[in-house]
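Reading through the structure tokens given below for one structure.
The values are calculated or read from the model by the stated rules, or taken from the named source; none is laboratory data. A quick note: this is a predicted structure, and the numbers were derived from the prediction, not measured. Glycine also receives a Cβ, built like all others from the backbone with ideal geometry; neighbour counts cover every protein chain displayed. Ligands, DNA and RNA are excluded from the accessible area calculation, which covers all protein heavy atoms including side chains. Shrake-Rupley method; radii C 1.70, N 1.55, O 1.52, S 1.80 Å.
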Amino acid sequence: MPASRLFTLQRDQDVTGVSGTGTVADGVVWPDGSVSVRWRGDRPSTVFWGSLDDAEAVHGHGGATRIVWDGRTPEEG
């Protein structure tokens, strides 16, 4: 089974006017392919998705938000 992978969501353009730009969330792709996203900011929240494609379809805003891979696994800290 593959290791978990860490990433951030980098928003280049704030299409909705809610999250701002820059690094807006931290995420993990789990070994089973499901995804957890923890939003940063004044009202942080955590959301779970069945796949990275699902999360990107909702939050990618047509390329305005990019997935930036961390290169470490959660086990490596």
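Numbers below:
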read-out: Matching entry among 42, 70 (being touching a Leu at 6+ places or on another chain (Cβ under 6 Å), open to solvent by 50 Å² or more (accessible area, probe 1.4 Å) and at pLDDT below 95); value: 70
read-out: Some residue of segment 20-31 being crowded, with 16+ Cβ neighbours inside 10 Å, modelled with pLDDT under 90 and part of a strand (DSSP E or B); value: no
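Residues are listed down the side, and each one gets a yes or a no for (1) under 21 Å from residue 71 (Cα atoms); (2) polar (S, T, N, Q); (3) at pLDDT below 90; (4) open to solvent by 60 Å² or more (accessible area, probe 1.4 Å):
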{"residue": "9", "(1), (2), (3), (4)": "yes, no, no, no"}
{"residue": "18", "(1), (2), (3), (4)": "no, no, yes, yes"}
{"residue": "34", "(1), (2), (3), (4)": "yes, yes, no, no"}
{"residue": "47", "(1), (2), (3), (4)": "no, no, no, no"}
{"residue": "56", "(1), (2), (3), (4)": "yes, no, yes, yes"}
